[in-house]
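What follows is a set of notes on a single structure, which appears directly below.
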Amino acid sequence: MEIRSSFAATLAPSRRRTVETTCRFTFFCYQRDSEKSRALARKIIGKCKQDGGIDDKNRDSGCAALVRSLSRKRMPHVAHELLLELRIQGFQPNSSTLSALMLCYAENGLLPQAEAIWEEIVNSSFVPSTQIVSELFDAYGKMGHFDGVARIVDQVGSRDLKFLPQVYSLAISCFGKGGQLELMENTLKDMVSRGYMVDSATGNAFVGYYSIFGSLTEMENAYGRFKRSCLLLEEEGIRAMSFAYIKERKFYKLGEFLRDVGLGRGNVGNLLWNLLLVSYAANFKMKSLQREFVRMVEAGFQPDLTTFNIRALAFSRMSLFWDLHLSLEHMKHERITPDLVTYGCFVDAYLDKRLGRNLSFALNKMNLDDSPVVLTEPLVFEVLGKGDFQTSSEAFLEFKRPSEWNYRKLIALYLKKQYRRDQIFWNY
């Protein structure tokens, strides 16, 4: 009050009255909101006790569940008053209740309060679980509060808790998701300097985040370090790095990377071979595409739908009808059912050369009464795009369920659309 009085005394009388009125109004609003939260907390406690949700046996779990429920409802102040009221009644919160309140604060943007609860947990005999730390890091990451994440890692490291390696991995993931590559790098170096081994999941995530937020050179350097650690790049890491090369249209480097990973690896299925084929199809290197396809079969890998559709898209764009039909026969031999992409390759190829009257020759070899579906690997469309028939059909499918359509209806509708477009063109 003395500080407020001395401050108000330096102001003009009218201004002084305005400041004092504002202060009283703000204090009144805060007090009123606090009273509302306290009243609601008491009401919740009374109802839970009546229903048996909070009793001597399950008070800890019941209170933690209540706090989590209030967090989802964006009512952190009520959760705070709830815990205060329970403390007045003699309840001492355990680790699960404090953790729930900390997450409640963090998820609702009250970071100073969350940090205060964290300090209380760390300085007590409680040991937070890895799941709680993970959820806290996620909340901090969404708020962009990466300094707080680094501070928690330092605190856990200073106490030398048993789950410190997991905390390092969680922090690396949090920094990576936020694009904080320097913090991620420093955390990894600190982890290694303490003598902890980098596991496969952490290493793959490390390379993956560099492929998303870093340059190709930085990504390749990260991959080189990953290889020297004698770890295997898993499917998610392969996809992330491949997408980075595709985004920059560096298909030669993509091919080199895939060969370096090892085309003979069977634990990732046909992913490596399909990506290699699409790297040749991107520049329509048809002889190399065919040669690698033969090598794939000779290596013991069975082509899947994506494999055939990569070739079909390339044949369609190059108007190689004979190869397109041979590919369809090969699919039948392997008992692979065509999808919307396969049908689109034939429709687009024939219509592009104004051979619509001959389209039935190809379509009669396929089941036009099947329901349309797209089962091709999405990375293929990042390289080769989607054909006009596929794009139009997907637009039609948005208005009705796929079960209400079949390929016959889609093709008939698309042909009518193309015919009308040609008529409008010639009228002009």
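The values are calculated or read from the model by the stated rules, or taken from the named source; none is laboratory data. Quick caveat, the model's predicted, so the values are computed rather than measured. Positions of Cβ are backbone-derived with ideal geometry, glycine not excepted, and every protein chain shown enters the neighbour counts.
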Report whether or not Ile246 is surrounded by 18 or more Cβ atoms within 10 Å (Cβ to Cβ) and under 23 Å from the mean Cα position of the chain (by Cα). yes
Might you let me know whether segment 351-367 holds any residue that is in a helix (DSSP H, G or I) and either acidic (Asp, Glu) or within 38 Å of the chain's Cα centre (by Cα) (or both)? yes
Taking segment 230-257 and keeping residues of a type in the set (A, V, I, L, M, F, W, C) and either in contact with a Gly (Cβ under 7 Å, 6 or more places away or on another chain) or over 22 Å from Phe315 (Cβ atoms) (or both) leaves Cys230, Leu231, Leu232, Leu233, Ile238, Ala240, Met241, Phe243, Ala244, Phe257
If I filter segment 357-399 down to residues being in contact (Cβ under 8 Å) with a residue 12 or more places away in the chain and of a type in the set (Val, Ile, Thr), which single residue comes out as nearest to Arg249 (Cα to Cα)? Val383
In segment 196-217, is there at least one residue being over 24 Å from Ala244 (Cβ atoms) and more than 21 Å from the chain's Cα centre (by Cα)? yes
Being in contact with a helix residue (DSSP H, G or I) (Cβ under 7 Å, 6 or more places away or on another chain) and at pLDDT below 90 narrows Val122, Val149 down to just Val122
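Among Phe346, Phe301, which is crowded, with 17+ Cβ neighbours inside 10 Å, in contact (Cβ under 8 Å) with a residue 24 or more places away in the chain and not in a helix (DSSP H, G or I)? First the steps, then the outcome.
Values: Phe346 fails: not in a helix (DSSP H, G or I).
When all the criteria are applied, what remains is Phe301.
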Quick check on Asp199: is it loosely packed, with under 15 Cβ neighbours inside 10 Å and without any contact (Cβ under 8 Å) to a residue 40 or more places away in the chain? yes
Quick test of your reading of the structure: Ser319 fulfils all but one of (1) more than 30 Å from Phe226 (Cα to Cα); (2) part of a helix (DSSP H, G or I); (3) of a type in the set (Ser, Thr, Tyr). Name the failing condition by number. (2)
Cβ-Cβ under 7 Å pairs, at least 6 apart or on other chains, segment 229-250 side assigned to a loop (DSSP other than H, G, I, E, B), far side among the β-branched types (Val, Ile, Thr): Ser229/Val198; Leu233/Val207; Leu233/Val261
Could you tell me whether any residue of segment 120-135 is over 17 Å from Ala150 (Cβ atoms), outside any helix (DSSP H, G or I) and within 25 Å of the chain's Cα centre (by Cα)? yes
Subset of segment 320-343 (residues that are surrounded by fewer than 14 Cβ atoms within 10 Å (Cβ to Cβ), in contact (Cβ under 8 Å) with a residue 24 or more places away in the chain and not charged (D, E, K, R)): Thr337
Looking at segment 378-392 only, could you name the residues that are within 18 Å of Arg317 (Cβ to Cβ) and not aromatic (Phe, Trp, Tyr)? Leu379, Val380, Glu382, Val383, Leu384, Gly385, Lys386, Gly387, Asp388, Gln390, Thr391, Ser392
Specify which of the listed residues (Val268, Val294, Val278) is in a loop (DSSP other than H, G, I, E, B) and either modelled with pLDDT under 95 or farther than 21 Å from Lys365 by Cβ (or both). Val268
